[in-house]
Amino acid sequence: MSKKLEMNGLWESSRMMLPQHKDSAIRGQKEKQYIQRQALDEQEIHFISATLSQSQIYKRTVQIMIYDKYQLRTVSGVVTRSKQGEFRLDTIDPFSAGRGLGLDQISRCTEGGVK
């Protein structure tokens, strides 16, 4: 007997996947991988701000956990410039250039970094 006639074979052999359906399925899989952004309380925001200021003044290394939709990334470096709500971090990694970041991107900040 043909496999099409066994169990669910007729349905399996007649399914089609349109490009719109494929795009929708891929988009749905990516949305499942999103990470929820943690809301920071006022005390944590002040601590992050103070740590970044001290890094800029005293040239101390800070370790920052940056929020991204799909993952949390950790970056170490020294704050070289800061404006209201934004700052520039010169990283320790020689392959990574200095990068501008906003306070809204930070999930956690600690003094000291990877040496």
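Given the condition part of a strand (DSSP E or B) and open to solvent by less than 80 Å² (accessible area, probe 1.4 Å), answer yes or no: does some residue in the stretch 56-63 qualify?
yes
Please go through (1) surrounded by 10 or more Cβ atoms within 10 Å (Cβ to Cβ); (2) at pLDDT below 80 for Phe95 and return the number of the only condition it doesn't satisfy.
Every condition holds for Phe95 apart from (1).
Looking at Ile35, Ile48, can you tell me which residue is open to solvent by less than 80 Å² (accessible area, probe 1.4 Å), modelled with pLDDT under 80 and out of contact with any helix residue (DSSP H, G or I) (no Cβ under 6 Å at 6 or more places or on another chain)?
Ile35
The values are calculated or read from the model by the stated rules, or taken from the named source; none is laboratory data. Here the structure is a predicted model, which means the values were calculated and not measured. All Cβ positions, even for glycine, are placed from backbone atoms using ideal geometry, and neighbour counts span all protein chains on display. The protein model used for the area step is the full one, side chains on, heavy atoms only, and it has no ligands, DNA or RNA in it. Shrake-Rupley method; radii C 1.70, N 1.55, O 1.52, S 1.80 Å.
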